[in-house]
Amino acid sequence: MGIFDLFSKRQKRLRGDVPDVYTYDSLPNPLRVQVIHIWEDSIGGGELYCYNPEVKKAYKYITDILCREYGLFKLPTAEEFGERNYLTELANFLLKEQDVERQLDVIELSFKVINHITRNIRYRHEHHFNERADNAIKELNKRFKEHGIGYQFIDDEIIRVDSELVHAEVVKPALRLLNGKDYSGAQQEFLSSYEHYRHGKHKEALNECLKAFESTMKAICDKRGWTYQKNATARSLIQICFENGLIPSFWQQQMTSLKSLLESSVPTARNKLSGHGQGNEIIEVPEYLVSYMLHMTASTIVFLVNAEQNIA
């Protein structure tokens, strides 16, 4: 059905009553209700749930995964007696659950189903099945923004967004560039860094940043046939990329500062704060630093992949 620009929304914008800072620790009830509406449009609901076995199977699939991962036989919202209605059970769980991470579990898993299972023409025997799935994902991300919630569903993952501008200009291009078989390892590590960040695992996020950075350079070396040791560090990989003209030779002198940045930014922050033993004192990695390093890693990946694509 899509999003309508209601009178009340326009008035809120005119008054400035719109969120200008993202929040992460709660999903408002209207957002969760809107997610359920999207399910009914895309996965199916109402009569479709009753008469289309594929629709019931999709909701059962989501519910079964959650129950297995949470160590439950049924979600707490399941009816005690009678045949289980998986749509109702799942919807009530999303509405009643207080843990925001579990709420996001439900949303992420359900939209994985939308992104894959509902794209099969045999799912509902209707045309425009790809368009329906695309519109569902697009609406979810717009609803997140509308409510000032700092998450987006991208490449089958719920990832945390700190700055809309940085996300649009840096993070999304990095994910798009990594979305190929040559960079699949780097993409997985980059998404993993966001997943750790979302759960407050800052040291793990930095570790995955470095791994994604190193994997990107190794993938470039593999594509170009440049030799490197399997245990090569970021510093040695950077040097190999320079020596093999990843950056045009006539720019190398001017790019000395970039080389220094590449060598000292992502690897150094990780090495000093998360890559070694912390001794008797617990080292806290501040969130703002992890956010900076995520974006630094993304912009560096965009630079490296684009540079490789432009080598003659």
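The values are calculated or read from the model by the stated rules, or taken from the named source; none is laboratory data. Note that the structure is a prediction, hence the values are computed from the model and not measured. No Cβ is skipped: glycine too gets one built from the backbone with ideal geometry, and neighbour counts run over all protein chains shown.
When V285 is evaluated against the numbered criteria (1) in a helix (DSSP H, G or I); (2) crowded, with 17+ Cβ neighbours inside 10 Å; (3) at pLDDT below 85, which criterion, by number, is the only one it fails?
(1) is the only condition that V285 fails.
Starting from residues that are part of a helix (DSSP H, G or I) and polar (S, T, N, Q), keep the ones in region 109-144 and report whichever is surrounded by the most Cβ atoms within 10 Å (Cβ to Cβ).
Here the answer is S110.
Looking at A91, is it without any contact (Cβ under 8 Å) to a residue 60 or more places away in the chain, outside any helix (DSSP H, G or I) and in contact with a helix residue (DSSP H, G or I) (Cβ under 6 Å, 6 or more places away or on another chain)?
For A91, the condition - without any contact (Cβ under 8 Å) to a residue 60 or more places away in the chain, outside any helix (DSSP H, G or I) and in contact with a helix residue (DSSP H, G or I) (Cβ under 6 Å, 6 or more places away or on another chain) - is not met.
Can you name the residue in region 48-101 that is among the polar types (S, T, N, Q) and surrounded by 15 or more Cβ atoms within 10 Å (Cβ to Cβ) and is also nearest to S26 (Cα to Cα) among such residues?
N92
Report whether or not L104 is in a helix (DSSP H, G or I), under 30 Å from K12 (Cα atoms) and either of a type outside the set (D, E) or not assigned by TED's automatic domain parsing to the domain that holds H295 (or both).
Yes.
Only one of these is assigned to a helix (DSSP H, G or I), at pLDDT 65 or above and basic (K, R): K223, K272. Name it.
Criteria check complete, one pass: K223.
Given the structure, is S215 modelled with pLDDT of 90 or more, under 22 Å from L237 (Cα atoms) and in a helix (DSSP H, G or I)?
Details: modelled with pLDDT of 90 or more: yes; under 22 Å from L237 (Cα atoms): yes; in a helix (DSSP H, G or I): yes.
Yes: the conditions hold for S215.
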